[in-house]
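What follows is a short report on a single structure.
The values are calculated or read from the model by the stated rules, or taken from the named source; none is laboratory data. Computed from a predicted model, the values in this text were never measured in an experiment. Reconstructed Cβ throughout: ideal geometry from the backbone, glycine too, with neighbour counts over all protein chains shown. For the accessible areas, the whole protein counts, side chains as well, though only heavy atoms, and no ligand, DNA or RNA atoms are used. Shrake-Rupley method; radii C 1.70, N 1.55, O 1.52, S 1.80 Å.
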Amino acid sequence: MSDYDLVIRGGTLASAAEVFEADIGIKDGVIAALGRNLPRGVEEIPAKGMVVTPGGIDSHCHIEELGQDGSVQEESFASGSAAALAGGTTSFICFLPQWKGHGLADSAPGYEARAAASRADYSFHQIITDPTPDVLRRELPALVARGIRSFKVFLTYDPLRLTDREFIEVLAAARRLGAFVTVHCENYDAIGWRIEALLRAGLTDPLQHAWSRPPVVEREATHRAIALAELVDQPIQVFHVSCEEAAAEIAAARARGLKVWGETCPQYLTLSHADLQGADFAGAKAVCSPALREAGENERVWKRIQDGTLDVVTSDHCGFSFATQKKVAGSSAYGTGTAASRPDGTPVFNAIPNGVPGIETRMPVLFSEGVSKGRIDLPTFVRLTSANAAKLFGLQGRKGSLMPGADADLVLWDPDAERTIRNAALHHAIDYTPWEGMAVKGWPGTTIRRGEVAVRDGEVLAPPGSGRFLPRGPYALARPRGVVPDGFDAASV
Ligand code: DUC
Ligand code: ZN
Ligand code: ZN
């Protein structure tokens, strides 16, 4: 009888630390051995000339979220996870909504059951919009006990944002529970003030979305989030850093020894104000928050990847189809909530739902723009797309690793494959991609999830419901430093 169910033979393996030639032996869904000339497996996949990386972890994506107004995001767990796997992502962390005025348990009923349709493995960050004493003292401990060990808070968006006091209460609850906090950093009042002035001036195009929330708005909120996390002594990750000004705040905090991390997304590495313009309202396709910046900013964000300040790249996949949502006045939690339309029926900039679809293109765009163009090496690519997310969110050892004992989540890349990104070939439910027509070098041909071939030559084989929920237990990185002002630990009383 063979030692292995599957052997990936002769690939160039890229881990978070090194690149080396070896076979991978897989047994019962986990990596059993790495080495040269492993004995034959029941199944064999030749990988000579291929680069083999851990399967991606997309630790920030919005899938099938249920709005308080009864709306359901178009991207379902079945379609979003097909897209994830086709792009090399084998696990993702999406969001459990909390509706304002509701507890956690009675928000978005049935959401976890919907997630069970996923083809990729998955976990949740709990969004907290209404941190009542019952949520903080009763519901959050129960949630953490179920393995949902990270929270997301917004410092902007009307139905979602927390005041500073509420944010502090969430940080303190996370500290007591050994949970991790992720933060959307933009200044709510500053954005509101700019929006009103832009509308008064008759400036309503998609580009004005960026004008309504310039980098200083993100920098201020990033600084404040870090300061409040320091006050409470709670580790945080700043989500979707779009500009040098915000990244510099994170670098300064890390230099002082604070437990602060920064994430960015392919849109902030490749797109700019130019993408917010164009005929037929095309700029709406690139409306997301934080907003895209002026062209030179992309390279400054790359520099913050290269110096390690930004150490995770996620998609922030948040799909709204162009024809049915972006182009039509309506309201979304991810907008400023007004539904005003212009004479031609297109919405004013602040009524365009915020978000871009990118769960499938995240890894190929980063591989091409990063590895193939020489901006980053393969181990950095692995850290950015899986290994660091595993560390930050309590999945280390299980996911994002090529070490024996880890789940056999693997991607076989043809590093020389040249493709043009076309929405028609993607698997998501959204009617466009902001990377339409982009030429990329390097493509994920085969994706293996827990030892099974989930995607072969672009064909998704993993059925809906084959993904597993990933409960997350306590881990060192989420522990506080033990440094509080005046030695008084206000969170513990
Ligand atoms: N930003 C987006 O663009 N969409 C979803 C949420 C967010 O913060
Ligand atoms: Zn956000
Ligand atoms: Zn998001």
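Computed quantities for the displayed model
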| quantity | calculated |
| --- | --- |
| Condition check for Val135: assigned by TED's automatic domain parsing to the domain that holds Phe239 and open to solvent by less than 50 Å² (accessible area, probe 1.4 Å) | yes |
| Residue within segment 167-178 that is in contact with a Leu (Cβ under 8 Å, 6 or more places away or on another chain), of a type in the set (Val, Ile, Thr) and not in a strand (DSSP E or B) present | yes |
| Residue identified as assigned by TED's automatic domain parsing to the domain that holds Val183, within 16 Å of ligand 2 (Cβ to nearest atom) and more than 30 Å from Gly178 (Cα to Cα) among Pro357, Pro347, Pro343 | Pro357 |
| Which listed residue is modelled with pLDDT of 95 or more, open to solvent by 10 Å² or more (accessible area, probe 1.4 Å) and more than 16 Å from ligand 1 (Cβ to nearest atom), from Leu384, Leu378 | Leu378 |
| Residues (charged (D, E, K, R) and surrounded by fewer than 20 Cβ atoms within 10 Å (Cβ to Cβ)) located in segment 196-218 | Glu196, Arg200, Asp205 |
| Index of the failed condition, Trp193 passing every other in (1) closer than 30 Å to Ala408 by Cβ; (2) open to solvent by 40 Å² or more (accessible area, probe 1.4 Å) | (1) |
| Any hit, segment 370-393, residues being in a loop (DSSP other than H, G, I, E, B) and assigned by TED's automatic domain parsing to the domain that holds Phe124 | no |
| Answer residue from segment 41-98, given it is without any contact (Cβ under 8 Å) to a residue 40 or more places away in the chain and away from ligand 2 (no atom under 16 Å from the Cβ) and is surrounded by the most Cβ atoms within 10 Å (Cβ to Cβ) among those | Gly41 |
| Breaking point among (1) of a type in the set (Ser, Thr, Tyr); (2) within 16 Å of ligand 3 (Cβ to nearest atom); (3) open to solvent by 20 Å² or more (accessible area, probe 1.4 Å), for Ser123 | (3) |
| Hits in segment 144-174 (condition: closer than 15 Å to Gly394 by Cα and more than 16 Å from ligand 3 (Cβ to nearest atom)) | Val144, Ala145, Arg146, Gly147, Ile148, Arg149, Ala174 |
| Any hit, segment 346-367, residues being in a loop (DSSP other than H, G, I, E, B), on the phi > 0 side of the Ramachandran plot and away from ligand 3 (no atom under 16 Å from the Cβ) | no |
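Each row is one residue, and each column tells you yes or no for (1) outside the structural domain of Ile26 (by TED's automatic domain parsing); (2) loosely packed, with under 14 Cβ neighbours inside 10 Å; (3) under 25 Å from Val371 (Cα atoms).
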| position | (1), (2), (3) |
| --- | --- |
| Ala406 | no, no, yes |
| Asp416 | no, yes, yes |
| Thr433 | no, no, yes |
| Ala439 | no, yes, yes |
| Thr446 | no, no, yes |
| Gly451 | no, no, no |
| Ser466 | yes, no, no |
| Phe469 | yes, no, no |
| Ala476 | yes, yes, no |
